[in-house]
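S.K.: This structure is in structure tokens; I'll ask about it shortly.
The values are calculated or read from the model by the stated rules, or taken from the named source; none is laboratory data. Everything numeric in this text was worked out from a predicted model, so none of it was measured. With ideal geometry, Cβ positions are generated from the backbone for all residues, glycine too; neighbour counts draw on all protein chains shown. Quick note on the areas: whole protein, heavy atoms, side chains included, nothing else; ligands and nucleic acids left out. Shrake-Rupley method; radii C 1.70, N 1.55, O 1.52, S 1.80 Å.
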Amino acid sequence: QTVGPRPVVGATTLPWTLDDRRVVLVDDVLYTGRTVRAALDELADFGRPARIALAVLIDRGGRELPIHADVIGRTVDVAPGQRVDVFVEELDGRDEVVITAKDED
């Protein structure tokens with residue numbers, strides 16, 4: 001959300017193939033599963049990993065796709081009308097997870 005509704009996405013390059021490697025995808029908030037699905041689709045362009053694991057900081061439920069994280073920092077109950085914002089010290093000056101109404105800013 002911080003980059004806007006239409007983020008600018010550049011080309012991805014890797015110095016090696018993913019064939020037979022173990023890959024860990026890391027995401028801040030797991031919600032519908034669409035972001036993870038897009039990452040999985042992109043990985044296919046770089047080879048066939050031996051295993052792909054998913055680690056998330058927050059699992060808020062509400063999946064639209066059959067995606068499940070292997071490692072979860074915390075599971076929270078969040079209503080459909082709410083948003084989970086994750087702040088990290090290096091970018092935001094604080095380490096914090098905040099649940100707010102979608103229309104709050």
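S.K.: Looking at G47, L14, V86, which one has the Cα that reaches farthest to the positive end of the dipole of the stretch 2-100 (charges on Cβ: Lys, Arg +1; Asp, Glu -1)?
M.R.: Positive-most Cα among the choices belongs to G47.
S.K.: Right, here's the next one. Largest first, how would L25, L65, L91 line up by accessible area (1.4 Å probe)?
M.R.: L91, L65, L25
S.K.: OK, next. Can you give me the relative contact order of the chain as a percent, contacts being Cα pairs under 8 Å and 6 or more apart?
M.R.: RCO, the chain: 22 percent.
S.K.: Please give the calculated 222 nm ellipticity per residue for the chain, where each DSSP H segment of at least 4 residues contributes -39500 (n - 2.57) and the sum is spread over every residue; nearest 500 deg cm²/dmol?
M.R.: That calculation yields -3500 deg cm²/dmol at 222 nm.
S.K.: When all protein chains stay in place, what accessible area (Å², nearest 10, 1.4 Å probe) is found for T35?
M.R.: 100
S.K.: Report V76's accessible area, 1.4 Å probe, all protein chains in place, as a number in Å² to the nearest 10.
M.R.: 30
S.K.: Right, next: Using a 1.4 angstrom probe on the protein heavy atoms only, could you order I58, I99 from most to least accessible area? List each step's numbers first, then the result.
M.R.: Numbers: I58 10, I99 80 Å².
Greatest to least solvent exposure: I99, I58.
S.K.: Now for a different question. Once the Cα gyration tensor of the chain is diagonalised, what are the square roots of 5 times its eigenvalues, in whole Å and ordered largest first, as equivalent ellipsoid semi-axes?
M.R.: They are 27, 17, 14 Å, listed from largest to smallest.
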